[in-house]
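Participant: Mind having a look at this structure? Questions to follow.
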Amino acid sequence: MGKTIVFANQKGGVGKTTTTVNVGSYMAAEGKKVLLVDFDPQGNLSSSVGCSHKQEGIYEVITSKVKIEDVIRTTDQENLSIITSNLNLSGATIELVDIEGREYILKKALASVKDLYDYILIDCPPSLGVLTLNGFVASDFVIVPLQCEFFALEGFISMLFQTVKRIQQTVNKKLKIAGIVFTMYDSRTRLSNEVIHKVKATFASHPEILFQTIIPRNIKLTEAPSHGVPINLYDNNCVGAKSYHKLTLEVIERV
Ligand SMILES: Nc1ncnc2c1ncn2[C@@H]1O[C@H](COP(=O)(O)OP(=O)(O)O)[C@@H](O)[C@H]1O
Ligand SMILES: [Mg+2]
């Protein structure tokens with residue numbers, strides 16, 4: 001049975017999209033059938049695999065304008081497909097507000113293809129609004145990318161986990177936290193090490209929530225999206241690639 005994983009964090013620029021595309025492509029390289037879902041109106045996940053974010057995509061699916069089968073697109077990576085996003089999706093935030101069962105729309109849209117894939121990975125916008133809520137409801141697991149260069153951690157983490165808890169108690173009882181992954185780690189900065197230390201202390205009673213693999217800051221990870229390919233097709237030997245490969249094996253083991 002296919003498993004759906006949502007990558008969520010209410011802050012932007014923390015590595016959600018980078019983690020979604022690269023975990024997806026290493027899963028595909030491991031022979032898994034993977035569907036990426038770009039659920040951020042900005043469409044960065046779409047462009048990260050070389051797809052236009054100006055074509056029909058997930059917005060047109062959730063508003064029943066197109067059939068989901070007609071907007072699943074292949075990528076340069078074998079086994080890796082994507083449903084792209086476009087700016088229309090930002091309107092959905094407002095359009096969905098008055099609709100009954102608005103938090104189930106993505107789940108319903110994906111239901112007919114869920115079992116065609118080993119993994120469906122959903123990339124969310126930087127908020128805990130209705131789009132991310134749909135991501136949580138559609139998923140079996142949540143992965144939280146956490147940037148190692150960020151101060152006001154505590155309130156931030158507790159808000160995120162309260163949201164997940166509320167979802168688990170209401171609209172998606174089977175949602176599990178697969179883990180938190182540290183991103184953009186720079187061993188030379190005190191801040192990076194402090195953040196890791198602090199988060200480890202916060203989760204001292206259940207350390208398994210943290211993935212062992214830490215993603216370092218690596219320029220190649222920044223460059224790959226502008227070439228429209230995941231890191232394994234850009235430079236499979238760089239430290240960023242090796243880290244995402246390791247993380248992917250951990251994810252496959254956990255979910
Ligand atoms: N480990 C990393 N090392 C260097 N640059 C990174 C790394 N992870 C992400 N980036 C870059 O940082 C920016 C924000 O990352 P992104 O994945 O788009 O975050 P989000 O989706 O949370 O907004 C992008 O330009 C991305 O290429
Ligand atoms: Mg993003």
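The values are calculated or read from the model by the stated rules, or taken from the named source; none is laboratory data. What you are looking at is a predicted structure, and each value in this text was computed from that prediction instead of being measured. A quick note on method: Cβ atoms are made from the backbone with ideal geometry, for glycine too, and the neighbour counts reach across all protein chains shown.
Participant: Among L153, L146, L116, L96, which is the only one that is more than 18 Å from the chain's Cα centre (by Cα) and farther than 28 Å from M1 by Cβ?
Facilitator: L153
Participant: State all residues of segment 114-155 that are in contact with a strand residue (DSSP E or B) (Cβ under 7 Å, 6 or more places away or on another chain), assigned to a loop (DSSP other than H, G, I, E, B) and modelled with pLDDT of 95 or more; if no residue qualifies, say none.
Facilitator: Y117, D118, C124, S139, D140
Participant: Mind checking whether some residue in segment 68-77 is among the charged types (D, E, K, R) and crowded, with 24+ Cβ neighbours inside 10 Å?
Facilitator: Scanning segment 68-77, I find no residue that is among the charged types (D, E, K, R) and crowded, with 24+ Cβ neighbours inside 10 Å, so the answer is no.
Participant: Pick out, from segment 53-112, the helices (runs of 4 or more DSSP H) lying fully within it that include 1 or more residues that are farther than 24 Å from P126 by Cβ.
Facilitator: Per the criteria, 105-111.
Participant: Has segment 177-185 got at least one residue that is over 25 Å from L80 (Cα atoms) and not hydrophobic (A, V, I, L, M, F, W, C)?
Facilitator: Yes: segment 177-185 contains one or more residues that are over 25 Å from L80 (Cα atoms) and not hydrophobic (A, V, I, L, M, F, W, C).
Participant: Also: Given the structure, is V171 over 17 Å from T19 (Cβ atoms), touching a residue at least 40 places away in the same chain (Cβ under 8 Å) and not in a helix (DSSP H, G or I)?
Facilitator: yes
For every residue, the table says whether it meets (1) more than 20 Å from L210 (Cα to Cα); (2) more than 16 Å from ligand 2 (Cβ to nearest atom).
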| site | (1), (2) |
| --- | --- |
| P125 | yes, no |
| G129 | yes, no |
| S139 | no, yes |
| F150 | no, no |
| I157 | no, yes |
| Q162 | no, yes |
| Q169 | yes, yes |
| K176 | no, yes |
| G179 | no, yes |
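Participant: Moving on to the next point. Output the residue which, of all residues in segment 26-40 that are surrounded by 21 or more Cβ atoms within 10 Å (Cβ to Cβ) and touching a Ser or Thr at 6+ places or on another chain (Cβ under 8 Å), is nearest to K220 (Cα to Cα).
Facilitator: It comes out as Y26.
Participant: For segment 1-13, how many residues are under 19 Å from T222 (Cβ atoms) and either in a helix (DSSP H, G or I) or of a type outside the set (K, R) (or both)? So that I can check it myself, show each step before the final result.
Facilitator: Of the residues in segment 1-13, the ones under 19 Å from T222 (Cβ atoms) are 7, 9, 11-13.
Those left that are additionally either in a helix (DSSP H, G or I) or of a type outside the set (K, R) (or both): 7, 9, 12-13.
Summing the residues that are under 19 Å from T222 (Cβ atoms) and either in a helix (DSSP H, G or I) or of a type outside the set (K, R) (or both) in segment 1-13 gives 4.
Participant: Same structure, new question: Taking I219 as the residue in question, decide whether it is over 21 Å from I5 (Cβ atoms), surrounded by fewer than 18 Cβ atoms within 10 Å (Cβ to Cβ), among the aliphatic types (A, V, I, L, M) and at pLDDT 95 or above.
Facilitator: Working: over 21 Å from I5 (Cβ atoms): yes; surrounded by fewer than 18 Cβ atoms within 10 Å (Cβ to Cβ): yes; among the aliphatic types (A, V, I, L, M): yes; at pLDDT 95 or above: yes.
Answer is yes for this residue.
Participant: Out of segment 194-215, which residues are touching a helix residue (DSSP H, G or I) at 6+ places or on another chain (Cβ under 8 Å) and either of a type in the set (S, T, Y) or under 16 Å from N236 (Cβ atoms) (or both)?
Facilitator: T202, T213, I215
Participant: Among the residues of segment 119-135 satisfying the criterion of being away from ligand 1 (no atom under 16 Å from the Cβ) and under 21 Å from Q162 (Cα atoms), which is farthest from the chain's Cα centre (by Cα)?
Facilitator: In this case the residue turns out to be V130.
Participant: OK, next. Given the criterion more than 30 Å from L153 (Cβ to Cβ) and away from ligand 1 (no atom under 16 Å from the Cβ), identify the matching residue among K3, K32.
Facilitator: K32
Participant: Mind listing just one residue for me: the one in segment 14-47 that is touching a strand residue (DSSP E or B) at 6+ places or on another chain (Cβ under 7 Å) and either modelled with pLDDT under 95 or assigned to a loop (DSSP other than H, G, I, E, B) (or both) and, of those, nearest to ligand 2 (Cβ to nearest atom)?
Facilitator: D40
Participant: Which of the following residues is more than 20 Å from E103 (Cβ to Cβ), part of a helix (DSSP H, G or I) and of a type in the set (S, T, Y): S192, S205? If you could, list the steps in order and put the result at the bottom.
Facilitator: On the way: S205 fails: part of a helix (DSSP H, G or I).
Result: S192 is the single residue among S192, S205 that is more than 20 Å from E103 (Cβ to Cβ), part of a helix (DSSP H, G or I) and of a type in the set (S, T, Y).
Participant: Further question: So the check is Cβ under 7 Å with 6+ separation or different chains; which pairs have a first residue in segment 132-158 that's under 23 Å from T93 (Cα atoms) and free of Cβ contacts under 8 Å to residues at least 24 places away in the same chain and a second one that's surrounded by fewer than 24 Cβ atoms within 10 Å (Cβ to Cβ) and charged (D, E, K, R)?
Facilitator: Note: no pairs meet the criteria.
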